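This report refers to the structure that appears directly beneath it.
The values are calculated or read from the model by the stated rules, or taken from the named source; none is laboratory data. Because the structure is a prediction, the values reported are computed rather than measured. Quick reminder, even Gly has a Cβ in these numbers, built from the backbone with ideal geometry, and neighbours come from all protein chains shown. Please note that ligands, DNA and RNA were not included when accessible areas were found on the heavy atoms of the full protein model with its side chains. Shrake-Rupley method; radii C 1.70, N 1.55, O 1.52, S 1.80 Å.
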Amino acid sequence: PTGTGEALVVDDATETAHTLRIRRRRTPHGGGSPAASGVDIDAD
C-alpha cells in the first residue's frame, strides 16, 4: 500500500496478505465530535 487510507493485512491462519483501502468517512456533521466540556455530571 502506498496511498493514504490503504493498509496491508496479514492473515497468519491462511498465510496470506491482502491490501485494502479504507473509504473516507462522510457524515452530516462533517466528522466532528461533540465537546463534553461544560457538561455537569451528577456523581452519586
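Figures for the structure shown
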{"quantity": "Cross-chain or 6+ apart pairs with Cβ under 6 Å, region 1-18 first and not basic (Lys, Arg), then not in a strand (DSSP E or B)", "calculated": "Gly5/Ile22; Ala7/Pro1; Leu8/Pro1"}
{"quantity": "Selection within region 20-36 - open to solvent by less than 100 Å² (accessible area, probe 1.4 Å) and either modelled with pLDDT of 95 or more or assigned to a loop (DSSP other than H, G, I, E, B) (or both)", "calculated": "Thr27, Gly30, Gly31, Gly32, Ala35, Ala36"}
